[in-house]
Structure formats: structure tokens, C-alpha cells
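Asks: The structure is given below, and queries will be raised subsequently.
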């Protein structure tokens, strides 16, 4: 190519050292011109030298945190004279992508641990390859004035680094040092060395609230059973697993790590990774009844300094009151967390938006996102082929594991995990996120997508907005959204034809007005048919059935003709009243939910029959029990998706002395084979080419592996980068709404 060109680079190209990278390769190839950030990404003017090689290198050699989606080259008149330079950002707006927060890089960590470096012991060291991004930004373009670092003027040394294109801190917006940047302290009565003071308190068994990137954590010694019990008692969190932070050498002693696990732990997103226990064991109070623990590496210099000073693993769980969003402000922490903690590790860099830790699980084939949050948002997902002309869409997800999705310019931005919208403060956080994303990404939707359920708060909010602003409203059935979310993540084309979907979850309002949750669907982005489903049973007590597993066990036992067994197991419960409600259909809607079937079997096997202390506890304990079984092959009663014979089998075998672990394993296998055979029938009937597995039940590793085995040589699409649970509903809603407009 001869002459001058303008090069438009789109993608995740701001806040990742892209301009100095371009400056460096321009010098290498003898190119003249300029590079700048603007509202659409990075714009480059170039001429002379080896321009063609320069253009190739833009993609081939991009910085570690960059993601180049497109490089568009246009020839222009004239030529650029003089040395290549980096010029000031141009224009407001938000056509580009904001970079997620990233774990501290090895270079910065080396400086923090080097007694001869000026950043030795500094808890906020960062560069263009690491550090806070989304958690501190207030607007675009991504410049220091638009971040929480605006209040910290740089010292001369930091300014020199910031202005030197050859330095890895060139235009690293959070750049700072102990002389000019944020500081950390301990309350109450902290000393001159806050890290040493905090470590001493943790070793003494205290519980501290530690301010991180996306919010506060509640922290205690992960080897101190008494401290763990105290934390649980104060937070009113009796059994929900606690995450643990440690260095890799420690994790290797306590957990089984394969290549996928190591990759996930070392990812710049630094997620919590759920790993099987190793030979060394943490106290039972970390993850009661699970056999697995969520581990993460330290991802800020502050975390590294604290972990090394303590000399062992630390519990690092969300700093919030039970059911509320994570605390992010210093005064908010003092007011809300004081009854839980013995002290605080504070700093004075503001957190612009609360972000929980991301969570990943490991399957046989690799990684699966369970909670999409810090480090993974606001990363975008390219829309599949056929969606090029999609309008701007906002989708509001469901009631549980809420998240918002935006569609714009061929990309879907699935927002961060917000939580359960029944909680008033989570609802406030949802409204804040809605306004925040719209402003930050200059989003002006033409279409609003919501769940079919009229009583979901997100649905009401979306309907009201559509009515208020005169926008097109699209209502999307819950399980169709699950199906489409997985299809979109995997890039299934708009005209790719129908797929079979196994959608197994708790409950969602079905197209027939009943509650679904064990579905075999045949569909695409435009619509679906319900091919088969689990035989329904009443949810006695409505929402109470999701909290008290005995109610589901009663329904399934009675359905199987085992009323006497129900009387024996749950005789202390109001069975007569419950049965009357089921018979008359009073607050006992029929449901095909597989999630509630898991609860029923768990209760029959004695697993938290009276109540669950957190969502999914019974099913998670049942999965852990199945993992402990020695069975590899077992004969299971099979009669389609009608569970009564299976329930009778469990009861009779247990009475005959069978191990609960083996019965839990057999139950998983019954579900997997039942739905697997149904999916194969649907494939033959529809001539579809692939099967989608979605819904929260597919976070169960035992079930997922069994279903995949039952699929034989069939093409199976699975969630990896988006959650199989309701955390991806908004993505499915958004692409379905977009498809209806095309």
C-alpha cells in the first residue's frame, strides 16, 4: 500500500497500552503519523515506511489486555511528516469498549516486592497491562480525568512515566506511587504499618473488612475454625461456601488443580475457581458438605502484601449484610459492617461501581463461568452472523441472578451480576446499573426485552420504560431465553436452523401459564416448540417450595404412591394442610422443574429437608454426595420423564441398605439418561443439528458430564463464557428481540 492511510481499530483498545504499542511498532517500521483514542476506539494516521507490515502487526502483536475486533483501513490524500506521535484523545461518546479490571501483572508485583524499587510495598502499583479499569471509570474516553484517580495529582516521577511512550505506564490512568497516590490505613487505631497491623489482627483470629477493587471483602484466617465460625455467626451465613484467597503454592496443597484450573486462576480476570479438595483440608466451616472450595489468587498488590504478611490462606467473602449488595464506600462500610468485623483496612481511592468477584467452575472440557462480574465485565460478545443490522436493544433479565444486556453495533454487552431483585438494595443497584450502562456506553435503545413473567420487577421496569419512551417491547419466554443465550455465545447464525434445547432449572413462567423447569425444546432465535418435559408436580406453598425441600419430596412421594413414606419422613410437618393445598391447587402451582425434583430427592435422602440456608444448597449437597459414590455404572429405572418409578426405586433401595451416595449417583444418571434420550428423539423428529444445554442445573458437573455422555456423537453447545443460570437470561432476551426485528 502506498500513500497515507487512516486506520480505525475497534474493540477493547483503550486503557490497555494500545497507543504506546502502536507508537512502538510505528518506529520499528519507519512509519510517520499519529495515534489517538476517540469515541469509536483508536484512530491512526500513517504514511511512509513499511505501512503494510505496520498494519499487520496491529493485530498480530496487540497488547495482552487488548482485543481487536476490526481494523479498517482507508486511503487518504497527502502524507504525514515527522516522527510518529501520540496525540490527545478526541471527542466524547462511547462507541468503544471499556476494559475490565485486571489482576496485577508480574512486572508491577516485582516492583512492589523489590526493596530497592520506589514502589516497594505500595498497595496500588499498576501499569497499562494491569490494575483497576471498569471499577474506577466514570465516563469515556478513558482518561484520568474520567476516573476515581482524578483527585490524585501525579508527582514528577509518575508524571515522567505517564508521559513517556516507551514506558509501560504511558497513559496508565491509575498510575501512582506512595508520594502522590491513594493510601491505605487500618481502623480503629491503626499504626504506621497498616499491612503488618492487619496481618497481626488476622493471625490473632480477628475478622476485618478489606477494601478491594470492586467492593469490600470480609476477611479472616482460613485455617482458624473459630474465626470462620464467628464470621458465619455474625454474618448470618450458616452454610453457604466461603471463597478463599491464597498464593498458588498454598492452593496446590489444598486443591486438585489441572491445566484448566491453573489457566483460570492465572487469568487477568482473577476469578474465584471452584476446585476439588486435595489431601490437605481446610476447616469444615469453609464449604460444608461440598467437597469443593472456591479459590482465587491475590489480584491486587494490597492482597499480595496481606497474604504474604499473614503467611497463609485467607477467607475472602463479599462484604455485605446477608442478601444485600456488596459495600463499596468507606462510610457505608463503617455503618453496615461494624457489627460483623473487628476492624477495617481502608483506602481512599473511590470505587465507581460495585463488582462482585467472578466465579468459574471446571468441567471435563475446560472452564465455565458461573458468575460474570469483576474482571469479565464489561467485555462484549460478538453477535452471530445475520445480526449485522440489529437495532440497539436493552434486555433486563429475570428476577434471580439479575444482569442487564445491551446490544449495539454488532456486539452484546452482558453486564455484571447484580443479585436477587426481591432485595430492596439490590433493586436500587439494578436501577443504578441501568442508568450507568446507558450513560457510559451512550446507549439509546429502540427495543426493550423482558421476561414473560408479569410480576418480575425487571419485567415491570422494562414495560414501564418502553411505555414511557415509546419503545418497542418484546416479551421473551424464560426457557427460550436460556436456549438463545447459549446459541448466541456459541455464534450460532441467525439462519443456522433449529436446535434442540435441554433447559433444566428452577422455575420460569411457561408459554401455557404454568411453571416450567425441565424442558426439551426445539427452536431458534425466532421461536420454539415444547417437545417433551418432566412430569409436573405441585409446588406446595408456592415460593416456599424453593426454600423447604420437604414440600417437593411430599409432592413426589405422594405422586409415586408412597404417602406412608412421606408420613414417616416428614411427620412433624403440616402434611394434611399441605396435601389439601396440593389437591385444591391453592398456592400450589404445577411445575415441571428439575431443580425442585433435585430438592425432593435431597430431602428423601435427609439433606436439609426443613430448609435451605442459601439458594441451591440441597442440590449442591446432593451433587457432592453423588461425587462420593464408587459407582461408575448402575442400572436405573427408566420410564421417560416420569419420575415416580425412580422415586420408588430410591425409597426401596434405601430401606434395603443402599448407600445414600450411590442413590444420589443413580438419581443423577436417571435425569441424564431421561433427558438425553428425549433430546435424541427431538433431534430425529426435527432434523436439528445440535443440542443446547442451558439452565442452572447444568452447573452441576456430575449431571452435565452424564448428559454429554448420553448425547453420543451429537454436536452439543455448552455455556463457557456466560452463566448457564439466569445470569445469561438478558443475553438470550436481547438476541431474540433483535431477531424479531430483522
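We did not get these values from a lab; they are worked out from the coordinates using the rules stated. Since this is a predicted model, take the numbers as computed values, not measurements. Positions of Cβ are generated from backbone atoms using ideal geometry, with glycine treated the same way; all protein chains shown enter the neighbour counts.
Asks: Assuming R0 = 51 Å, what is the FRET efficiency of residue 610 and residue 156, from their Cβ-Cβ distance, to the nearest 0.05?
Replies: 0.20
Asks: Order by neighbour count: 647, 736, fewest other Cβ atoms within 10 Å first, most last.
Replies: By the 10 Å Cβ count, ascending, the order reads 647, 736.
Asks: Roughly speaking, what is the centre-to-centre gap between region 580-607 and region 659-681 when only Cα atoms are used, to the nearest Å?
Replies: Value for the Cα centre distance between the two parts: 18 Å.
Asks: In deg cm²/dmol and to the nearest 500, what is the mean residue ellipticity at 222 nm of the chain if only DSSP H runs of at least 4 residues count, each as -39500 (n - 2.57), divided by the residue total?
Replies: -10000 deg cm²/dmol, from helical runs alone.
Asks: Return a whole-number percent for the relative contact order of region 184-347, with Cα pairs under 8 Å and 6 or more residues apart as the contact set.
Replies: Rounded, it is 38 percent for region 184-347.
Asks: Exposure proxy check: 77, 277, 332 ranked by fewest other beta carbons within 10 Å?
Replies: 77, 332, 277
Asks: Can you give the FRET efficiency for residue 85 and residue 256, using 1/(1 + (r/R0)^6), R0 = 56 Å, r = Cβ-Cβ distance, to the nearest 0.05?
Replies: The computed FRET efficiency comes out at 0.60.
Asks: Next question, about the same structure. Whole Å is fine, so just give me how far the alpha carbon centre of region 533-560 lies from that of region 689-718.
Replies: Cα centroid to Cα centroid, the span is 25 Å.
Asks: Count the DSSP beta bridges whose two residues both fall in the chain, then state the antiparallel fraction as a percent rounded to the nearest 5.
Replies: Restricted to the chain, the bridges split so that about 70 percent are antiparallel.
Asks: Roughly speaking, what is the centre-to-centre gap between region 269-305 and region 144-213 when only Cα atoms are used, to the nearest Å?
Replies: Spelled out, the Cα-based centre of one part sits 25 Å from the other.
Asks: Next up: Which value in nm describes the separation of the simple spin-label points at residue 463 and residue 577, placed 7 Å from the Cα toward the beta carbon?
Replies: 3.2
Asks: Obtain the nm distance between the two label points defined at residue 526 and residue 673 by a simple spin-label model: each point lies 7 Å from its Cα along the Cα-to-C-beta direction.
Replies: 3.9
Asks: Under the 0.36 nm per residue contour assumption, what length would be gained going from the current alpha-carbon distance of residue 422 and residue 514 to full extension?
Replies: Full-extension gain reported as 31.0 nm.
Asks: Below 8 Å, C-alpha to C-alpha, sequence gap of six or more: please give me the relative contact order for the chain in percent.
Replies: Reported relative contact order: 11 percent.
Asks: How do 468, 551, 627, 10 line up, fewest other C-beta atoms within 10 Å first?
Replies: 468, 627, 10, 551
Asks: Hey, another quick one. On average over all directions, what projected area in square nanometres does region 4-86 have, based on the convex hull of its Cα atoms?
Replies: Taking the Cα atoms of region 4-86, their convex hull projects to 4.6 nm² on average.
Asks: Please work out which option in [x] 1.00; [y] 0.94; [z] 1.07 gives Cα Rg over 2.2 N^0.38 Å calculated from these coordinates, and answer with its label.
Replies: [x]
Asks: How much length, in nm to one decimal, is gained on full extension between residue 652 and residue 535, taken as 0.36 nm per residue of separation minus their Cα-Cα distance?
Replies: Full extension of this stretch gives 40.0 nm more.
Asks: How far apart, in nanometres, would the label points at residue 742 and residue 587 be if each is projected 7 angstrom from Cα along the Cα-to-Cβ direction?
Replies: Here the modelled spin labels are 4.6 nm apart.
Asks: What is the extension gain from residue 193 to residue 266, computed as 0.36 nm multiplied by their sequence separation minus the C-alpha to C-alpha distance, in nm to one decimal?
Replies: Length gained between residue 193 and residue 266: 23.4 nm.
Asks: Compute the relative contact order of region 4-86 as a whole-number percentage, counting only Cα pairs closer than 8 Å that sit 6 or more residues apart in sequence.
Replies: Value for region 4-86: 48 percent.
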